[in-house]
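What follows draws every value from the coordinates through simple rules; no lab data is involved. Note that the structure is a prediction, hence the values are computed from the model and not measured. Neighbour counts are summed over all protein chains in view; Cβ atoms, including those assigned to glycine, are modelled from backbone coordinates with ideal geometry.
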Amino acid sequence: MRSRSILVTGASRGIGRAIAEEFARAGDRVAVHHRASPELAAGLVQALPGTGHAVVQADLADPAAVRQMVDAAAAALGGIDVLVNNAANYTAHPITEVSYEQWQAAWQHTIGVNLIGTANVTWCAVRHMIAAGGGRIVNVSSRGAFRGEPDQPAYGASKAGLNALGQSLARALAPHGITVMTVAPGFVDTDMAATKLTGESGEQIRAQSPLNRVARADEIAAAVLYLASPQAEWATGAILDLNGASYLRT
């Protein structure tokens with residue numbers, strides 16, 4: 001299979017970094033997006049196997065910056081074959097503990113990045129995919145879209161919206177040769193989750209799964225790589241739970 005052009009949002013750390021590494025190991029060229037981590041993004045690009053990788057920057061809450069970022073990725077890579085929508089904001093705002101102003105701000109920022117920003121990235125990337133005759137879109141959602149996020153309700157709602165967006169676009173874009181799939185991880189062992197995964201809270205979180213652990217970032221990346229492959233075309237519209245049976249939905 002030829003080398004593909006991959007845009008991964010929020011790729012400077014955590015799950016996004018593992019996804020970028022997985023595609024690069026497969027021989028693809030990767031555009032590593034970040035919002036405000038230029039050194040991390042540059043270090044990742046230098047460490048990725050292969051050549052032709054790039055760093056792109058944008059605040060996904062800024063529509064103009066999003067369009068410039070996607071176009072820059074396409075210019076650097078020679079197009080966009082695969083888009084992985086991984087970037088997300090995760091802010092605590094329990095309804096009984098924040099002011100009305102804090103409540104509004106959390107909702108506006110979270111939805112603005114996680115859902116509207118992702119939708120804007122997708123709109124821009126789809127133009128490049130249609131011009132090339134097709135592509136793959138993989139969205140990174142969350143177990144919280146189904147189980148609920150009592151301390152981060154905007155995050156849970158944004159991921160539920162992302163699930164619906166992915167399924168809507170799977171139907172809309174199939175005639176253009178573009179598939180859209182979603183992965184929904186539970187807790188993943190990353191630096192962002194490190195605080196919650198230490199001590200007693202970490203034991204409780206691991207005990208949610210009968211495997212008594214949380215996911216590794218490379219496990220999520222492997223699933224994304226498969227869903228972006230030609231062999232996974234028939235999975236368009238699917239949402240793949242990756243939570244170690246910690247939450248089972250019907």
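Details
- When each of the peptides 74-81, 29-36 is scored by how many other beta carbons lie within 10 Å of its residues on average, the order from highest to lowest is 29-36, 74-81.
- Helical runs (DSSP H, four residues minimum) scored at -39500 (n - 2.57) apiece and divided by the length of the chain put the mean residue ellipticity at 222 nm at -13500 deg cm²/dmol.
- Crossing angle, helix 38-47 versus the chain [Cα axis fit, 0-90 degrees, rounded to tens]: 60 degrees
- This model, with +1 at the C-beta of Lys and Arg and -1 at the C-beta of Asp and Glu, gives segment 54-164 a dipole about its Cα centre of some 400 debye.
- Helix 14-25 vs. the chain, principal-axis angle (Cα, 0 to 90°, nearest 10): 30 degrees
- About its Cα centre, the chain has a charge dipole of approximately 580 debye under the convention of +1 per Lys or Arg Cβ and -1 per Asp or Glu Cβ, with nothing else charged.
- Positive-end ranking of G52, G244, N86 along the dipole of the chain, with charges on Cβ about the Cα centre, is headed by G52.
- Most mobile listed residue (P49, P230, P185) in the chain, GNM with C-alpha springs under 10 Å: P230
- Of F187, F146, F23, the one that fluctuates the most in a GNM where the chain has Cα springs shorter than 10 Å: F146
- Kirkwood Rh, Cα atoms: Rg over Rh of the chain: 0.95
- 0 to 90° range, to nearest 10: angle between helix 118-132 axis and the chain longest Cα axis: 20 degrees
- Of interest is the spacing of the C-alpha centroids, which for segment 12-81 and segment 166-200 amounts to 17 Å.
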